[in-house]
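Engineer: Structure incoming, see below.
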Amino acid sequence: MGSQSMSVLDKIKVVEWHPRPRQRKPVADQEEKRRTKFVTFLEEQKVLAQGGTLKKKSKKPPRHAFYEANGEWLFEPRYGTKLVTIKDGKALCVAGKTLDDVVKLIDTLVAATKAKELDKALAEAAERKAVGK
């Protein structure tokens with residue numbers, strides 16, 4: 001007869017592979033997610049500044065984003081591992097002389113975040129590579 005027998009694989013239709021397009025969430029959803037994540041970080045730091053403890057599943061102790069240097073309390077606002085630029089291209093905030101000043105600063109940052117004043121800075125932090133990597 002002259003016809004060659006079909007292999008099992010010949011029965012399968014194959015096409016060239018193309019990566020699936022990523023389904024990105026609308027920008028508004030991403031901004032709200034970033035705000036929520038940053039406010040959660042700030043609220044955790046506020047609890048720590050007030051001497052409280054966090055109930056986390058992680059075995060590592062929580063990292064404090066505030067510390068004392070030269071008699072003043074400083075605060076490093078972070079989005080994940082990345083510093084968030086607050087004003088004039090700078091991220092490190094001088095809180096004041098006491099931990100109460102740190103709490104007041106955190107409250108101010110929460111208010112600014114909720115007022116959408118930090119959306120651009122959070123978006124930049126979300127896109128940057130981690131500090132020190």
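The values are calculated or read from the model by the stated rules, or taken from the named source; none is laboratory data. Computed from a prediction, not measured in an experiment: that's the story for all the values here. Quick reminder, even Gly has a Cβ in these numbers, built from the backbone with ideal geometry, and neighbours come from all protein chains shown.
Engineer: Take Lys133 and tell me if it is more than 21 Å from Arg34 (Cα to Cα), modelled with pLDDT under 90 and not in a helix (DSSP H, G or I). It would help to see each step written out before you state the result.
Structural biologist: Numbers: more than 21 Å from Arg34 (Cα to Cα): yes; modelled with pLDDT under 90: yes; not in a helix (DSSP H, G or I): yes.
Yes: the conditions hold for Lys133.
Engineer: Right, here's the next one. Looking at (1) closer than 18 Å to Ala49 by Cβ; (2) surrounded by 13 or more Cβ atoms within 10 Å (Cβ to Cβ), which is the only condition Ala123 fails?
Structural biologist: With respect to (1) closer than 18 Å to Ala49 by Cβ; (2) surrounded by 13 or more Cβ atoms within 10 Å (Cβ to Cβ), Ala123 is out only on (1).
Engineer: Condition first: over 18 Å from Val110 (Cβ atoms) and in contact (Cβ under 8 Å) with a residue 40 or more places away in the chain. Now tell me which residues in the range 52-86 satisfy that.
Structural biologist: Once the filter is applied, which keeps residues that are over 18 Å from Val110 (Cβ atoms) and in contact (Cβ under 8 Å) with a residue 40 or more places away in the chain, the range 52-86 yields Thr81, Lys82.
Engineer: Can you tell me which residue in the range 70-118 is farthest from the chain's Cα centre (by Cα), limited to those that are farther than 21 Å from Lys33 by Cα and charged (D, E, K, R)?
Structural biologist: Ranking the qualifying residues of the range 70-118, first place goes to Lys97.
Engineer: Pairs only if they're at least six apart or on different chains, beta carbon under 7 angstrom, first in the range 107-119 and among the polar types (S, T, N, Q), second in a helix (DSSP H, G or I); list them, first residue then second.
Structural biologist: Correct list of pairs: Thr113/Arg35; Thr113/Phe38; Thr113/Val39.
Engineer: While we're here: Which number in (1) out of contact with any helix residue (DSSP H, G or I) (no Cβ under 8 Å at 6 or more places or on another chain); (2) within 18 Å of Glu43 (Cβ to Cβ) marks the one condition that Gly71 misses?
Structural biologist: Here Gly71 meets the rest and fails (2).
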